[in-house]
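Trainee: This is the structure I want to talk about, given as structure tokens.
The values are calculated or read from the model by the stated rules, or taken from the named source; none is laboratory data. The structure displayed is predicted, hence computed values, not measured ones. Here Cβ is always computed from backbone atoms with ideal geometry, including for glycine, and neighbour counts include all displayed protein chains.
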Amino acid sequence: MHSHYYGGLIEPLARRTSRPYVSMDAQGRRVLDAMTASTVISAGYSDIPARLAWLDSAGIRTQLMTFPGALGLDVMPIDQVGSLIGEFNDRLADICRGSDGRLLGLAGLPLADLGKASAELIRARRELKLLGAILPGSFFLTAARAERLRPLFAAADEVGALLMVHPGLAPGEAAPSRSTVRRA
């Protein structure tokens with residue numbers, strides 16, 4: 001249904017030393033160390049021509065690309081994510097506009113500040129023409145947590161934005177312990 005896009009985030013994450021960050025494995029490949037898992041970064045994560053070639057080979061005409069919410073960047077304190085989320089959204093919108101309708105996008109939001117998140121959702125929809133945004137599922141584990149999103153829901157209503165719920169942490173929520181089992 002969707003695919004995360006990491007373009008524009010790999011270099012800033014490579015400068016970080018705590019999760020989420022990008023490291024190198026023993027074979028010299030870049031590895032995305034997210035909040036709960038580590039994944040080798042293939043070309044499809046950030047290289048648009050490679051992604052489109054794969055879509056063609058799979059017979060897929062259109063793909064929904066989303067901010068990689070499971071990374072946990074969108075729920076980090078504002079002072080740590082700075083303008084990174086907005087810059088990502090700008091880049092995603094440019095890619096979608098240039099894709100002849102093949103790629104559609106959902107923005108990331110700085111969810112540690114719901115006022116700023118609402119403003120970014122409105123900007124993403126009105127100015128960038130993205131379809132909406134991705135929200136972490138942990139907001140929906142209790143009615144009280146979901147209630148905190150009321151201002152964001154109002155902003156989404158105002159601009160006709162799609163909100164997609166995806167596995168991910170809520171602001172201030174600790175990541176689950178990672179498995180120590182390594183897969184080959």
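Trainee: Inside segment 1-103, counting only helices (runs of 4 or more DSSP H) that do not spill past its ends, which hold 1 or more residues that are closer than 20 Å to Gly137 by Cβ and touching a helix residue (DSSP H, G or I) at 6+ places or on another chain (Cβ under 9 Å)? Give the derivation first.
Mentor: Values: elements: 10-14, 48-58, 78-81, 84-97.
Correct list: 78-81, 84-97.
Trainee: Still on this structure, please answer the following. Which numbered condition in (1) basic (Lys, Arg); (2) closer than 25 Å to Gly7 by Cα; (3) out of contact with any Cys (no Cβ under 8 Å at 6 or more places or on another chain); (4) without any contact (Cβ under 8 Å) to a residue 60 or more places away in the chain is the only one that Lys129 fails?
Mentor: Of the numbered conditions (1) basic (Lys, Arg); (2) closer than 25 Å to Gly7 by Cα; (3) out of contact with any Cys (no Cβ under 8 Å at 6 or more places or on another chain); (4) without any contact (Cβ under 8 Å) to a residue 60 or more places away in the chain, the odd one out for Lys129 is (3).
Trainee: On to the next question. Within the set of pairs 6 or more residues apart or between chains, which connect a residue that is closer than 19 Å to Pro12 by Cβ inside segment 28-49 to a residue that is among the aliphatic types (A, V, I, L, M) and assigned to a loop (DSSP other than H, G, I, E, B) with Cβ atoms less than 8 Å apart?
Mentor: These pairs meet every condition: Arg29/Ile41; Arg30/Ile41; Val31/Ile41; Leu32/Ile41; Met35/Leu169; Met35/Ala175.
Trainee: Quickly run through segment 120-161 and pick out the residues that are exposed (fewer than 13 other Cβ atoms within 10 Å of the Cβ) and either more than 29 Å from Ile95 (Cβ to Cβ) or small (Gly, Ala, Ser) (or both).
Mentor: Matches in segment 120-161: Leu141, Thr142, Ala143, Ala144, Glu147, Arg150, Ala154, Gly160.
Trainee: Kindly check whether there is at least one residue in segment 5-16 that is of a type in the set (A, V, I, L, M, F, W, C) and more than 17 Å from Thr66 (Cβ to Cβ). Break it down stepwise before answering.
Mentor: Here is the first cut: in segment 5-16, the residues of a type in the set (A, V, I, L, M, F, W, C) are 9-10, 13-14.
Subset that is more than 17 Å from Thr66 (Cβ to Cβ): 14.
Yes, segment 5-16 contains at least one residue that is of a type in the set (A, V, I, L, M, F, W, C) and more than 17 Å from Thr66 (Cβ to Cβ).
Trainee: Let me ask you something else. Taking into account only those residues within segment 43-77 that are surrounded by 15 or more Cβ atoms within 10 Å (Cβ to Cβ) and among the polar types (S, T, N, Q), which is modelled with the lowest pLDDT?
Mentor: Result: Ser46.
Trainee: Does Arg91 qualify as being of a type in the set (Lys, Arg), out of contact with any Gly (no Cβ under 6 Å at 6 or more places or on another chain) and at negative phi?
Mentor: Working: of a type in the set (Lys, Arg): yes; out of contact with any Gly (no Cβ under 6 Å at 6 or more places or on another chain): no; at negative phi: yes.
So Arg91 does not fit the description; no.
Trainee: While we're on this one: So, Ile95, is that one within 24 Å of Gly172 (Cα to Cα), surrounded by 12 or more Cβ atoms within 10 Å (Cβ to Cβ) and touching a residue at least 12 places away in the same chain (Cβ under 8 Å) or not? I'd like the intermediate steps shown before the answer.
Mentor: Numbers: within 24 Å of Gly172 (Cα to Cα): no; surrounded by 12 or more Cβ atoms within 10 Å (Cβ to Cβ): yes; touching a residue at least 12 places away in the same chain (Cβ under 8 Å): yes.
Here the answer is no, as Ile95 does not meet what is asked.
Trainee: Cβ-Cβ under 6 Å, sequence separation 6+ or interchain: first residue in segment 104-121 and under 15 Å from Ile78 (Cα atoms), partner aromatic (Phe, Trp, Tyr) and part of a helix (DSSP H, G or I). Which pairs?
Mentor: Gly108/Phe88
Trainee: Taking segment 98-117 as the search range and keeping residues that are over 28 Å from Pro49 (Cα atoms) and over 16 Å from the mean Cα position of the chain (by Cα), which one is surrounded by the most Cβ atoms within 10 Å (Cβ to Cβ)? Outline the logic, then answer.
Mentor: Kept after step one, since they are over 28 Å from Pro49 (Cα atoms), are these residues of segment 98-117: 110-117.
If we keep only those that are over 16 Å from the mean Cα position of the chain (by Cα) as well, we get 113-116.
Values: Asp113: 15, Leu114: 18, Gly115: 11, Lys116: 15.
Filtering first and then ranking leaves Leu114.
Trainee: Here is a list of conditions, (1) basic (Lys, Arg); (2) farther than 22 Å from Gly8 by Cβ; (3) outside any helix (DSSP H, G or I), and Lys129 meets all of them except one; can you say which number that is?
Mentor: So the condition that Lys129 fails would be (2).
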